[in-house]
Amino acid sequence: MFDASFWVAAAFVAFIGVLIKFAYGKITEALDARAEGIRDEIEEAKRLREEAQQLLANYQRKHRDAVKEAEEIIDQAKADAKRMSEQAAKDLETEVMRRTELAQAKIARAEAQVIEDVRNMAVDIAVRAAGQLVEERLGDEQANKIVDEAISELGRKVH
């Protein structure tokens, strides 16, 4: 009645039915689990990508901040160097002025000393000359009297 192809087809349909009944659930569960695993991996990859982007943005911000801070440090160092240079120039100018004043004071003291020495020498020479003149023209007693008076007057006039 039925030929062999019918029985092969019927066996095939029965096999597919049994396969669907027993294996379909497991196959769909496995496929669903695999799809869920892939979905989880995709979500994890997205999350990791977002974290990487956040880290990159954070590092870029830190890099910009570090560059900015380095520029500020360089600017501050330049300003400090300029200020120190200006201060050194002022200090040098002050020192030169101070030394010039000291030199001028020394010169003034030396001039005063020379003038005083010349005066003293002139007085000594004048006193000696006057003494010789008095001795030559006057007697010893009268000469001593005039010299004593001149010396006492000279002491009052000089000091």
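The values are calculated or read from the model by the stated rules, or taken from the named source; none is laboratory data. Note that the coordinates shown come from a computational prediction; the quantities given were computed from them, not determined experimentally. Ideal geometry is used to build each Cβ from the backbone, glycine not excepted, and the neighbour counts take in all protein chains shown.
Name the single residue that is modelled with the lowest pLDDT among those in segment 1-50 being among the aromatic types (Phe, Trp, Tyr) and surrounded by 10 or more Cβ atoms within 10 Å (Cβ to Cβ). In this case the residue turns out to be 24. Just one of 156, 128 is loosely packed, with under 10 Cβ neighbours inside 10 Å, modelled with pLDDT under 85 and in a helix (DSSP H, G or I); which is it? Checking each option against the conditions leaves just 156.
The combined condition, being surrounded by 10 or more Cβ atoms within 10 Å (Cβ to Cβ), of a type in the set (S, T, N, Q), assigned to a helix (DSSP H, G or I) and at pLDDT below 80, is not fulfilled by residue 76.
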